[in-house]
Every structure is written in structure tokens, then in C-alpha cells.
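Readers should treat all values here as calculations from the given coordinates under stated rules, not as data from a laboratory. It should be emphasised that the depicted structure is a prediction, and the values quoted were computed from it without experimental measurement. Virtual Cβ from ideal backbone geometry, glycine too; neighbours counted across all protein chains shown.
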Amino acid sequence: MKNIITFAACLFAVSTVCAQTQVIAHRGFHAKQGSANNTLSSLRNAQDLGVFGSECDVNETQDGVLVVIHGPMHGSYNIQHTDFATLRAQALGNGESLPTFEEYLTQAEKNTATKLIIEVKDHDTPEHETRVVKKVLAAVKKHKLQKHVEYIAFRQFVCDRLVELGPKGIKVAYLNGTLSPAYCKGLGYTGIDYHIGVMKNHPNWIKQAHDNGLTVNIWTVNDTENLQWCIDNGADYITTDNPLEANRLLGK
């Protein structure tokens, strides 16, 4: 009987740890001195910090190069309407060069304990978005990172193409906050990834998502009060520019 009780206690402890809210660094851990968002240093910083994930934004340049930058502008240049060489010549805020998606994946390979959370940005036509999705999936496959990445997008069309064209078990979450958890489940998504304002207006969506087997990520949560709200209400993940405070509240 003692052994059974001990085993049950261990199982409970494991489940408690697994259920703990995890931290995703928004555009990497860029708040560290010398870094900037969506840079290689911000990804390295997130990996060194040991957070669950590091989010990044992927756009395609006019000449077909996938780059990591939020956009739509880089300085005075529209990213999707400008060639890569011109964009690369414009230094980022911390002096780093604009990273390609390939460079980002190379860094991600170096420490897969931190997942890469890939946001595929909106592009101008469905055909363009389909091409970008195919290129993103192919690059991840080339680097053998399929099990170490997750995907997010604001546009339902992009999420649908990721589900349709991606490998079995692909993890896709919808960002726009307009679809119920049950509807997302029906589309084949594995999670909802909604703004803190949306989730506060629909707090029941957290339970509904979990009842449907979906994960819940909440963005972009930086202040202590809202970070604690996400933790208290059982969010699986918090995307934040302030991973140090999120870790503190989680006792990490």
C-alpha cells in the first residue's frame, strides 16, 4: 500500500509540473542589454534563459528570401516589396543584420530545449501565402526541427495551409481571437493563441479549449497583474516581452 501511495504521489507531482504555465519570449528575449527583437541574439538569450519557447516573425522579401522581422517596414522599406540585399544593408536597432529564416533555424538547432514559435505573417495573396507556408515547412524539415517548432498565424487561411501541408502532428495555433475553441478544433488546429484582452472577455474559453484538447497561449502579457491572471486561470503558455518577471511569478 505504501508503494502505491508513493507512486500516486509521484504521478501527481509529475502532472503538476507538466500543467505549469510555460513562458514564450516574444520575438526572443530582446530586453537583455545589447539585443533587439527578432535578432539572433534575442533567440540565443531565450535559449540561455531556458524558456519553453522563443517566438519569431517570418516574412518573404520581394526576391523570395525568408527573413525574421515583424514588419511590415524595416526603416523606410516595405519588407515584402524590397529585395533582400537592400534590407540586409539596413542595420537593426542593436547593430545586428537582418537575419534570414535559415540563420534563425541554424541557431535553433543549437539548443532545441527552447522551441521556436514561428509566426507566418500575412502576405498579399492566397497564392503568395501558400508559397511562403511551403517554403517555411521545407526549411524546418531541412533542419530536422519538425518536433521542435510550433506555428502561429493571424490569418485563418495560413493556419489552414499549415495544417493541410504540414507533417502529421504539426502544432498550429490561431492568433486572431475571432474563433471559438470548438471551431478551431474542427479546423484541425492544436491551440488558440489570443490577446490578453480577448481572453479576459472570454475567460471560459480557457476551459473550453482544454476540454477540446487544445492548448491556450495568451499574448503579449508584460505587467505583473496580467501575468498573474494568466497563471491563475490556467493558461498553458504566456507570450511576453518580460520573461524574467514571468519566471519570477512561476517560481523559476
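Take Gly95 and decide whether it is more than 15 Å from the chain's Cα centre (by Cα), within 19 Å of Asp124 (Cβ to Cβ) and surrounded by fewer than 22 Cβ atoms within 10 Å (Cβ to Cβ). So Gly95 fails the test. You will find that of Val51, Val67, the residue that is in contact (Cβ under 8 Å) with a residue 24 or more places away in the chain, of a type outside the set (Gly, Ala, Ser) and either in contact with a Leu (Cβ under 7 Å, 6 or more places away or on another chain) or surrounded by fewer than 18 Cβ atoms within 10 Å (Cβ to Cβ) (or both) is Val67 and no other.
Under the condition of being outside any helix (DSSP H, G or I), closer than 20 Å to Gly93 by Cβ and not small (Gly, Ala, Ser), the residues counted in region 41-64 number 6. A single member of Thr130, Thr114, Thr86 is farther than 27 Å from His148 by Cα and of a type in the set (Ser, Thr, Tyr), and it is Thr86. Taken over region 107-121, the criterion of being acidic (Asp, Glu) and buried (at least 17 other Cβ atoms within 10 Å of the Cβ) is satisfied by Glu119 alone. It is to be established whether one or more residues within region 140-151 are among the charged types (D, E, K, R) and within 16 Å of the chain's Cα centre (by Cα). The answer is yes; a qualifying residue exists. Of all the criteria given as (1) touching a residue at least 12 places away in the same chain (Cβ under 8 Å); (2) surrounded by fewer than 18 Cβ atoms within 10 Å (Cβ to Cβ); (3) within 19 Å of His81 (Cβ to Cβ), the one not satisfied by Val132 is (2).
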